[in-house]
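Take a look at the structure set out below.
What follows is calculated from the coordinates using simple rules that are stated; it is not laboratory data. Being a predicted model, the structure only gives us computed values, none of them experimental. In this analysis, Cβ positions are derived from the backbone assuming ideal geometry, glycine residues included, and neighbour counts consider all displayed protein chains.
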Amino acid sequence: MVIEKAGDNFSGYVPDLPGCIATGETVGAVEQELREAIRFHIEGLAADGLPVPPPSALAEYLEA
């Protein structure tokens with residue numbers, strides 16, 4: 001999941017699950033909302049008989 005500051009709140013998305021997004025007042029709130037969104041998204045794929053896409057994104061933190 002990727003979480004970014006968005007004005008007065010935070011916004012997050014899951015690169016490997018297009019359309020899986022969430023917003024919240026804090027990073028923690030967005031994390032929780034995204035966990036629920038991921039479960040819901042995967043359940044929807046299963047209900048439609050579609051596969052869950054394999055992970056393709058890579059993230060790393062760098063110190064400057």
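For the chain, chymotrypsin sites (Phe, Trp or Tyr not before Pro) meeting the loop criterion (DSSP other than H, G, I, E, B) and having at most 14 other Cβ atoms within 10 Å: Tyr61. Each Lys and Arg adds +1 at its Cβ and each Asp and Glu adds -1 at its Cβ; summed about the Cα centre, the chain shows a dipole of about 120 debye.
Distance between the modelled labels on Ser56 and Val2, one decimal in nanometres: 1.4 nm (7 Å Cα→Cβ projection). Only Cα pairs under 8 Å and 6+ residues apart enter the sum, and on that basis the relative contact order of the chain stands at 24 percent.
Counting neighbouring Cβ atoms within 10 Å and putting the fewest first, the residues Leu17, Leu45, Leu58 line up as Leu58, Leu45, Leu17. Computed over all pairs of different Cα atoms, the Kirkwood value for the hydrodynamic radius of the chain is 12.8 Å. Mean residue ellipticity, 222 nm, helices only, the chain: the sum of -39500 (n - 2.57) across DSSP H runs of n ≥ 4, divided by residue count and rounded to 500, is -11500 deg cm²/dmol.
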